[in-house]
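The values are calculated or read from the model by the stated rules, or taken from the named source; none is laboratory data. Remember, predicted model here, so these are calculated numbers, not experimental data. Glycine also receives a Cβ, built like all others from the backbone with ideal geometry; neighbour counts cover every protein chain displayed.
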Amino acid sequence: MTAQPSIRPAFGDGSQIVCDGLIRIFKVADIEAVALQGLDLIVEAGEMLAVVGASGSGKSTLLNILGGLDVQSGGRALVAGHDLGQMDARERTDYRRRVVGFVWQQTSRNLLPYLTALENVELPMTLEGRPNRRARAKELLDLVGLSERTGSKPERLSGGEQQRVAIAVALANEPAVLLADEPTGELDSVTSADVFALLRRVNKELGTTIVVVTHDALVADQVPRTVAIRDGRTSTETVRRTEAQIEGGNRTIAEEFVVLDRAGRLQLPRQHMDALHLAHRVRLLLEPDHIGVWPDPAAQKRRTASGRAGPTPGHDDGSVPGSTHDHEENR
């Protein structure tokens with residue numbers, strides 16, 4: 001008998017970041033809190049994406065695990081060929097220095113106040129014993145547009161300039177992945193747009209994989225792909241692409257998808273569940289080109305009896321074919 005090929009990709013299937021059933025449980029006294037509940041995520045090399053979610057959704061926990069600052073309770077995580085769950089303390093330190101770079105929201109976590117911009121960028125390379133540190137630090141400060149501020153300490157730099165130096169610091173040891181936690185959270189909208197333009201430039205020119213964690217959906221609009229986390233799992237993805245128009249100019253199309261994880265689970269958007277009164281259990285109907293999701297018949301009868309009519313099988317409003325929502329923006 002010929003073995004059937006598995007539809008489940010092999011762990012670490014060549015992607016830059018692979019999270020497979022990631023679980024993180026925190027225990028305080030006798031209380032356990034589940035931050036990640038079997039999260040799956042794949043990020044390709046050279047990709048730039050945003051991870052969005054409300055406070056408590058698990059996005060910061062995910063970032064800490066990817067950055068080697070925390071260890072998952074279950075599941076597996078692979079970053080640039082490194083199996084994070086198999087590393088000891090020393091390997092994690094080396095991993096944080098060489099494989100990933102960090103940009104935090106708080107500048108106090110990014111820069112040392114008693115060092116100049118140039119010295120801050122040199123520091124990670126000094127710790128690694130890299131040669132030509134001064135020359136590379138100047139190149140990075142030129143890349144982020146601060147070649148004239150090399151001798152300035154953080155207190156003499158604006159918030160946007162401090163984040164630009166922080167990006168240069170994060171890139172000092174040529175990391176495969178740049179992780180940014182709310183990098184524009186303390187900046188105004190204009191400065192935020194400038195910082196994101198710089199991140200896109202770094203992504204394009206250096207090929208660095210960039211993952212930005214934010215609670216701001218408007219910030220997420222500035223990246224090609226957005227992954228939303230809800231209740232410790234990836235719930236939806238929005239993919240943006242640019243198309244040329246016949247009459248001239250370009251338009252940006254955003255398509256929103258519900259994420260189907262490796263176990264076949266998905267999270268329906270809350271507004272869909274509320275609109276169709278979906279709760280507890282549902283019926284699935286397999287159609288040639290989509291799957292229909294219907295309320296429990298018993299619950300539907302109770303709603304009908306109370307005067308609230310629900311959808312009936314065969315009505316298009318109840319189906320969830322993985323449809324997309326297109327948003328066009330003329331440019």
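When the criteria are applied in full, Val227 meets the requirement of being in the same structural domain as Ile65 (by TED's automatic domain parsing) and either at positive phi or touching a Ser or Thr at 6+ places or on another chain (Cβ under 7 Å) (or both). If the condition is being of a type in the set (A, V, I, L, M, F, W, C) and farther than 16 Å from Gly232 by Cα, then region 51-69 contributes only Leu69. Give the residues of region 285-299 that are loosely packed, with under 10 Cβ neighbours inside 10 Å and either part of a strand (DSSP E or B) or touching a residue at least 40 places away in the same chain (Cβ under 8 Å) (or both), sorted by residue number. Within region 285-299, Leu286 is the sole residue that qualifies. Among helices (runs of 4 or more DSSP H) entirely within region 31-127, having at least 3 residues that are out of contact with any strand residue (DSSP E or B) (no Cβ under 6 Å at 6 or more places or on another chain), surrounded by 15 or more Cβ atoms within 10 Å (Cβ to Cβ) and assigned by TED's automatic domain parsing to the domain that holds Gly232 singles out 59-66, 89-98. Out of the residues in region 1-30 meeting the condition of being of a type in the set (Gly, Ala, Ser) and loosely packed, with under 14 Cβ neighbours inside 10 Å, tell me which one is modelled with the lowest pLDDT. In this case the residue turns out to be Ser6. Do we find a residue being under 21 Å from Val99 (Cβ atoms), hydroxyl-bearing (Ser, Thr, Tyr), under 22 Å from the mean Cα position of the chain (by Cα) and in the same structural domain as Leu63 (by TED's automatic domain parsing) anywhere in region 173-195? Checked against the condition, which is being under 21 Å from Val99 (Cβ atoms), hydroxyl-bearing (Ser, Thr, Tyr), under 22 Å from the mean Cα position of the chain (by Cα) and in the same structural domain as Leu63 (by TED's automatic domain parsing), region 173-195 yields no hits at all. Of the strands (runs of 3 or more DSSP E) entirely within region 164-245, those holding at least 3 residues that are at pLDDT below 85 and touching a strand residue (DSSP E or B) at 6+ places or on another chain (Cβ under 9 Å) occupy 233-244.
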